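Here is the structure we will look at.
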Amino acid sequence: MKVLILATWYPDSLNPVSGIFVKEQVRALVDVGINPIVYYPYDKSVDKGKCIKVIENGVITYRANTDYFKITKLSRLYSIIKGTKILKKIVKENGIDLIHSHVCYTGGFIAWLYNKFYKIPYIITEHSSKVKEFASKIYNRPLFSLSYKNAQCVVTVSSYLAKELTNLNFKFKSKVIGNVVDTSIYKLNSNNNSKNKEFNILFVGLMVQSEVKGLQYFIPALADFIKNNPEYKINLHLVGDGPKREKYENMCKELNIEDNCKFYGRVEKELIPEFIEKNDFLVLPSVKETFGSVLIEAMSGGKPVLATKCGGPNEFVENNVGVLVEPKNIEALEDGLKTIIERYEEFHSNYIREYADNNFSYRAIGGKLKELYEEVLSEH
């Protein structure tokens, strides 16, 4: 079985974290005995119009720069055509049986266009909640529709995202497969200060203009909890950066919890397991999430989570691994803090770790993808 991963996003020298979840999925495929070929048509570090072939961690990877004109619409159209031409050479050179595109805009467009002429089956994994924004443009809508409709399967990382696509009136064969996490890099640490009523809480996320991660609600909730429960010593550790960081720092000062909150800014991904190990639980108070990989990362370290009913987390944050509350609700978040802290001794790190490993490890997600590939090829 020769599978090509067609990545709209993928780590490169200019942005080493872009599409890191696609690279993780490639590693998951290798883990279950599939040796995929990777094709990334949007690497700005490659000379304009060129394609290079490299071996990265044992995986054949083609990197091309197909999107470089100043006029955006013209450049994107050219990149789809140019990307398809390069794809033709890669498929022929490697005897590809199946194309797996991440995501529809615009990798899925390239897969559909290639399939139209050469009939190689393809599937699309959709990670992005921005489909509505992109598909609203009159020149994009038909391409989305054709790409989804003609795919052998459209995989979404949550049924919440699948419903979003259905509500946009797209027709497709649907399957849900969550994001993959390298569970092996997280260590269990059973030592905690809960018996001393001291809790270290971790937040990991971008502090972007849209404020989608919900800190504007969680920080006041934390201030209320600290005020109403003086018997607890609470420390919030915030990892991440962005244009709203200053606002959140000022909120902590205004609410008199500055001494309880430490902002670390951006940290290397390799350090996240260490932060998880040192904290008692993780909070993700998002307004909207199509999945929420950081929750799985925390669970991989055996830590319970406090999250919101904002989409993806609804589907995997069960009662034995964490607490779910309503989004955009300060009172609900305060109640959630009270619940997870009062129930803390009921959470079992070994169970939480096993739950993450059984459902989201390389072995688990790689196995689900392998099954899907075999099913698609047997039907084609």
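The values are calculated or read from the model by the stated rules, or taken from the named source; none is laboratory data. Every value quoted in this text rests on a predicted model; they were computed, and no experiment measured them. As a convention, Cβ positions derive from the backbone with ideal geometry for all residues, glycine included, and neighbour counts pool all protein chains shown. Heads up: the accessible areas ignore ligands, DNA and RNA and are worked out on the full protein's heavy atoms, side chains in. Shrake-Rupley method; radii C 1.70, N 1.55, O 1.52, S 1.80 Å.
A few remarks follow.
- Listed by first and then second residue, the pairs linking a residue in segment 11-33 that is in contact (Cβ under 8 Å) with a residue 60 or more places away in the chain and within 11 Å of His102 (Cβ to Cβ) to a residue that is among the aromatic types (Phe, Trp, Tyr) and part of a loop (DSSP other than H, G, I, E, B), with Cβ atoms under 7 Å apart and 6 or more places separating them unless they lie on different chains, are Gly19/Trp9; Gly19/Tyr10; Val22/Trp9; Val22/Tyr10.
- Residue count for segment 344-367 under the criterion of being outside any helix (DSSP H, G or I) and modelled with pLDDT under 95: the result is 0.
- Among residues of segment 288-316, those that are assigned to a helix (DSSP H, G or I), more than 15 Å from Ser158 (Cα to Cα) and not hydrophobic (A, V, I, L, M, F, W, C), counted: 2
- Of the strands (runs of 3 or more DSSP E) lying entirely inside segment 222-287, not one contains at least 3 residues that are within 19 Å of the chain's Cα centre (by Cα) and not β-branched (Val, Ile, Thr).
- Among the residues of segment 128-183, the ones that are hydrophobic (A, V, I, L, M, F, W, C) and under 21 Å from Glu24 (Cα atoms) come to 9 in all.
- Residue match in segment 255-264 (condition: open to solvent by 10 Å² or more (accessible area, probe 1.4 Å) and closer than 27 Å to Lys130 by Cα): no
Here is a yes/no grid of residues against (1) under 18 Å from Ile257 (Cβ atoms); (2) among the small types (Gly, Ala, Ser); (3) out of contact with any Pro (no Cβ under 6 Å at 6 or more places or on another chain); (4) surrounded by fewer than 23 Cβ atoms within 10 Å (Cβ to Cβ):
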| position | (1), (2), (3), (4) |
| --- | --- |
| Asn150 | no, no, yes, yes |
| Lys171 | no, no, yes, yes |
| Ser174 | no, yes, yes, yes |
| Gly178 | no, yes, yes, yes |
| Phe203 | yes, no, yes, no |
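- Filtered by the rule that a residue be aliphatic (A, V, I, L, M) and within 19 Å of Lys163 (Cα to Cα), segment 131-146 gives Val131, Ala135, Leu146.
- Residue in segment 123-140 that is more than 30 Å from Asn229 (Cα to Cα), touching a residue at least 60 places away in the same chain (Cβ under 8 Å), polar (S, T, N, Q) and open to solvent by 50 Å² or more (accessible area, probe 1.4 Å) present: no
- Lone unmet requirement of (1) open to solvent by 10 Å² or more (accessible area, probe 1.4 Å); (2) touching a helix residue (DSSP H, G or I) at 6+ places or on another chain (Cβ under 8 Å); (3) of a type in the set (Ser, Thr, Tyr); (4) not in a loop (DSSP other than H, G, I, E, B) for Thr166: (2)
- Qualifying position, being farther than 20 Å from Val208 by Cβ, β-branched (Val, Ile, Thr) and open to solvent by less than 30 Å² (accessible area, probe 1.4 Å), among Val283, Val294, Val321, Val239: Val321
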